[in-house]
Amino acid sequence: MSTLNIIEFPDPRLRMKAAPVTVFDAKLKQFVADMLETMYAANGVGLAATQVAVQQRVLVIDMSDERDQPLVLINAELVEKGGTQVYQEGCLSFPGIYADVTRALDVKVKAHDVDGKEFVYAAEGPLAVAVQHEMDHLDGKVFVDYLSPLKRSLLLKRLEKHRKQAASA
C-alpha cells in the first residue's frame with residue numbers, strides 16, 4: 001500500500017465530476033487500499049477519489065475510534081434521505097478549515113463493493129454527513145459551496161492565511 005497525494009482547494013480537479021467505475025479488478029482493490037491508508041495517515045474520516053486526482057466514483061469512510069471499520073462505496077447513488085441536521089464539517093482538501101453545514105439527518109445509498117456486488121447502505125447522524133460530503137466530492141461539489149458568499153469568502157481567506165503560515169514554518 002502507499003499513501004496518495006491529497007489535492008487542496010482551489011485545485012480545479014476538485015470541481016470535476018467523477019466517472020462511474022466499470023472494472024472491478026485487483027487494480028481497483030489496490031486503489032481502495034491506498035485511499036484508506038491515505039485517509040488514515042491524514043487523520044481524516046472520509047476521502048473521495050477526486051481528492052487524490054482520480055476521477056472515479058469511489059469513496060472511503062471510517063468514523064470508528066479504532067479506525068477498523070472502513071466503509072467503501074463505489075458508484076454510490078442517493079436513493080433516500082430524510083430530516084435535517086447541522087454538523088461542523090472539515091475536509092482534507094481544506095486543511096484547518098471547519099464550518100457548520102446543513103445536510104440530511106439520514107440517508108440510504110445504493111452502491112457497489114470492491115468486487116462489484118451491489119448493496120444498499122443506510123446511515124444517520126455524523127455518518128450520514130460523511131457519506132453526503134464524500135458523495136458531493138464525486139459530483140465536483142465541496143462543503144464550502146453550502147455556505148453564504150460572505151462565510152465562504154471568510155473561510156477561504158482563512159485557508160490562504162493557514163497556507164502561508166504553514167509555508168513559512
Which pairs have Cβ atoms under 6 Å, sit 6 or more apart or on different chains, and link a residue in the range 36-57 that is closer than 14 Å to VAL142 by Cβ to one that is assigned to a loop (DSSP other than H, G, I, E, B)?
THR50/ALA18; GLN51/ILE6; GLN51/SER93
Can you tell me which residue within the range 16-29, out of those that are surrounded by fewer than 14 Cβ atoms within 10 Å (Cβ to Cβ) and either in contact (Cβ under 8 Å) with a residue 24 or more places away in the chain or closer than 18 Å to LEU71 by Cβ (or both), is nearest to the chain's Cα centre (by Cα)?
LYS17
Would you pick out the residues in the range 46-59 that are under 14 Å from LEU73 (Cα atoms) and crowded, with 21+ Cβ neighbours inside 10 Å?
GLY46, LEU47, ALA48, ALA49, THR50, ARG57, VAL58, LEU59
Which one is surrounded by the most Cβ atoms within 10 Å (Cβ to Cβ), of the residues in the range 140-161 that are in a helix (DSSP H, G or I) and either on the phi > 0 side of the Ramachandran plot or of a type in the set (Ser, Thr, Tyr) (or both)?
TYR146
Restricting to the range 106-124, name every residue that is within 12 Å of GLU80 (Cβ to Cβ) and in contact with a helix residue (DSSP H, G or I) (Cβ under 9 Å, 6 or more places away or on another chain).
ASP106, VAL107, VAL109, TYR121, ALA122, ALA123
Taking the range 121-136 and keeping residues over 13 Å from ILE61 (Cα atoms) and surrounded by 14 or more Cβ atoms within 10 Å (Cβ to Cβ) leaves GLU124, ASP136
Mind checking which residues of the range 107-120 are buried (at least 16 other Cβ atoms within 10 Å of the Cβ) and without any contact (Cβ under 8 Å) to a residue 60 or more places away in the chain?
VAL107, LYS108, VAL109, ALA111
Strands (runs of 3 or more DSSP E) fully within the range 55-139 counting 3 or more residues that are over 11 Å from the mean Cα position of the chain (by Cα)
71-82, 85-91, 94-103, 106-112, 118-124
Let me confirm something: among LEU47, LEU4, LEU28, LEU14, which residue is out of contact with any His (no Cβ under 9 Å at 6 or more places or on another chain) and not in a loop (DSSP other than H, G, I, E, B)?
LEU28
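Each value in this text was obtained by applying a stated rule to the coordinates, not by laboratory testing. Keep in mind the model is a prediction, meaning the values are calculated, not measured. Cβ coordinates were reconstructed from backbone atoms using ideal geometry, including for glycine residues, and neighbour counts include every protein chain displayed.
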